[in-house]
Amino acid sequence: MLDIVSPILEKLPQRVNLDSNLRHLGRHCSTDFMIEIGETPFHFEVKSGEMSPVLRGPFNMRTWKFAIRAPEGVWSKFWSPVPEPGFNDIFAMTAYGHAKIEGDIRPLMTDLRFIKEVIALPRGEVS
Amino acid sequence: MPATEAITGRYTTIDLEGRPHRIYFEEAGQGIPLVCLHTAGSHSSQWRHIMNDSAITDHFRVMAFDLPWHGKSDPPEGWQNEQYALTSDGYVAAIMGFVAHFDLDDAVIIGCSMGGRVVIRLAIEHQKKLRAVIGLEASDHPSPWYDDSWLDLPEFARGDFCAALVSGLAAPTSPENFRWETLWHYYQGGPDVFKGDMHFYRTDSEFSGRSGEIDTSECQVFLMTGEYDYSCQPHNTQRTAERIPGAEAIIMKGMGHFPMSENPQAFREYLLPVLDRVRA
C-alpha cells in the first residue's frame, strides 16, 4: 500500500497548487503537519495555500504542528472510492478510535475544510 | 417539483420563558400536525423535501420553525449583551410553546440530532399531548465525539468551520448537491450559535435515566439513525430504544447524520412506513 500511496502523495502539491478552488480555500493557511501511515510519516507543508513538496520519513527531529496517525489498513479504507462507515472522514476515524490526531489542532481547525479536502484527494486512487 | 413550491413561510411572535420571540416557520399540507426540529446550528430549510412530498402533506400538516437565533428567527431583544446557550428547559419551552401557540392537538414531533435528543424529553414529560415522536440520529444521552477543549476555539464562531466540522457526518453515498446544501445551512449560522447549541447537545441533555418512563401506548417512539453517523452512532440509538419499552430503532443504510436534507429520496423510503404507522 505504501508503494502505491507514496507517489500519489508526492504529486499532491502539484494537484493542489493547480486547483484554483483549493488555492482559494487555503489562501490563509500556513502550517505543516504529519500524515502517518503505520510507521511511516509523511510531512506536509503549506505556505499561504501553496503546498511544498511532501517528504517521506523517517525523519530525525522533524518538527510539525499536528499529526494524523492511523494504521495502513485504516488509510486504505479512508482512501477507498466509497469509504465504509467509520472511515469516511478523519473525525469518523478518531470518533471510532481508528485514528489519532495529536499535537496542536488549532492550525487544523483554522483551515479545516482546506486540509480535509487535501487529505482526501487520493480517494479512489489507492487500491 | 413545481418551480413555485407549496411551502409557505410566515412569522409569529411567541412568548418563550417570559420574553417575546419573533419566530419564523414554514408550513405545508393538512392533517395530523407534524412539527419538524432542525439540527444544531442549522435552520428549517433542512425539511424542504418533507414539505414538498405530497405522500406526506396529503396526510400531515407539516410545520418547521427556526429556533430563536437560527435561520430567520430573531434572537430576543437584548441579545447583544448575552451569550447564547441552548438549555434543555429553553428548548422544550420553545417547542411546546410553538405547539400551544398553534393549538396543535395530538401532534407528532420529528427532530434530528439535538432535535432527536430533545424529543426523548418531550415524550417523557408531554406524552399525553403528543401522538408520536420520531428522533432522527437520536439517543437519550450525550456521547461527544470530540474533546471539550475544542469548544473554546474561536473557530466555532465561523460558519465555514462549523460546516467543515460536520461535513463528514453526511454520508459519502448521499447526493453531492444535497450534501453541500446541508452544509450551506451551517455556513449561514450566526457566530457562536452552533457552539451555543452544543450546550444542550453535549452537557444539558442526559435523559437516559428517565427515558424508560415513556409510555409508548400514549406516545409512539421511533428512532432512526444513519449508519454513517459518528456523532450519534447506531449503537447509541439501539441502546436508547432498549431503554424505552415499545420504542423502535431503525438503522438506515448508506445514510449520515442529516437524512431529511442529505438524501431525501432514500430517507422517504424509511420515513413513509413510519408515518403510516403513526397515522394508523
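No lab work stands behind these numbers, since they all come straight from the coordinates. Not measured: the values here are computed from a predicted model. Virtual Cβ from ideal backbone geometry, glycine too; neighbours counted across all protein chains shown.
Kindly state, to the nearest 0.05, the FRET efficiency for residue B:277 paired with residue A:50, given R0 = 56 Å and r defined as their beta-carbon distance.
0.50
Gain in length, residue A:62 to residue A:11, computed as 0.36 nm per residue apart minus the alpha-carbon separation, to one decimal in nm?
Here the answer is 16.3 nm.
Expected output is a single nm value to one decimal: the length gained when fully extending between residue B:149 and residue B:269, i.e. 0.36 nm times separation in residues minus the C-alpha distance. What is it?
In short, 39.3 nm is gained.
Trypsin sites (Lys or Arg not before Pro) within segment B:230-279: which are DSSP loop residues with at most 12 other Cβ atoms inside 10 Å?
B:253
For segment B:68-79, take each phi angle, set θ = phi - 60°, evaluate the Karplus expression 6.51 cos²θ - 1.76 cosθ + 1.60, and give the result in whole Hz per residue in order, putting x for glycine and proline.
x, 6, 10, x, 9, 7, 6, x, x, 4, x, 4
I'd like the distance between the alpha-carbon centres of segment A:1-42 and segment A:93-127, rounded to an integer number of Å.
11 Å
Per residue of segment B:56-62, what does 6.51 cos²θ - 1.76 cosθ + 1.60 with θ = phi - 60° give for ³J(HN,Hα)? Whole Hz please, x for Gly and Pro, Karplus curve as stated.
So the J values, rounded to whole Hz, are 9, 6, 5, 10, 10, 8, 8.
Can you pull out the GluC sites (Glu not before Pro) in segment A:39-91 whose DSSP state is coil and whose Cβ has at most 11 other Cβ atoms within 10 Å?
Taking segment A:39-91 and a limit of 11 other Cβ atoms within 10 Å, the loop GluC sites (Glu not before Pro) found are A:39.
Please build a GNM for chain B, connecting alpha carbons under 10 Å apart, and tell me which residue among B:28, B:64, B:100 fluctuates the most.
Taking springs between Cα atoms under 10 Å, the residue moving most is B:100.
How many angstrom lie between the C-alpha centres of segment B:179-240 and segment B:252-266?
15 Å
At 7 Å along Cα-to-Cβ for each site, give me the label-to-label distance between residue B:77 and residue A:24 in nm.
It works out to 4.2 nm between the two label points.
Which shape class, rounded, prolate or oblate, goes with segment B:136-280 when its Cα gyration tensor gives a ≥ b ≥ c as root eigenvalues, a/c under 1.5 marks rounded, and past that a/b bigger than b/c marks prolate?
Verdict is oblate for segment B:136-280.
Just flag the trypsin sites (Lys or Arg not before Pro) in segment B:1-69 sitting in loop per DSSP whose Cβ has no more than 13 other Cβ atoms within 10 Å.
Qualifying residues, ordered by number: none.
Return the whole-Å distance between the Cα centroid of segment B:50-84 and the Cα centroid of segment B:91-148.
Value for the Cα centre distance between the two parts: 14 Å.
Bin width 10 Å, origin at 0, all Cα-Cα pairs of segment B:179-249: what percent of pairs per bin?
17, 35, 33, 15, 0
With helices defined as uninterrupted DSSP H runs, which ones in chain B have an alpha carbon span along their own long axis of at least 24 Å and mean Kyte-Doolittle hydropathy of at least 0.0?
Qualifying helices, which must be both long enough and hydrophobic enough, do not occur.
Measuring from label point to label point, each 7 Å out along Cα→Cβ, what is the residue B:215 to residue B:125 span in nm?
It is 1.9 nm.
Whose amide H sits under 5 Å from the amide H of residue B:34, counting only residues 5 or more places off or on another chain, with H placed in the peptide plane?
So residue B:34 has HN proximity to B:61, B:62, B:63, B:108.
Residue-wise, which Karplus ³J(HN,Hα) couplings in Hz belong to segment B:23-40, taking 6.51 cos²θ - 1.76 cosθ + 1.60, θ = phi - 60°, and x for glycine or proline?
Karplus values, whole Hz, x for Gly and Pro: 10, 9, 9, 10, 8, 7, x, 9, x, 5, x, 10, 9, 10, 10, 7, 7, 4.
Please compute the modelled spin-label separation between residue B:5 and residue B:248, points set 7 Å along Cα→Cβ, answer in nm with one decimal.
Here the answer is 2.7 nm between the modelled labels.
Under a GNM of chain A (C-alpha, springs under 10 Å), which listed residue has the highest mean-square fluctuation: A:36, A:102, A:84?
Taking springs between Cα atoms under 10 Å, the residue moving most is A:84.
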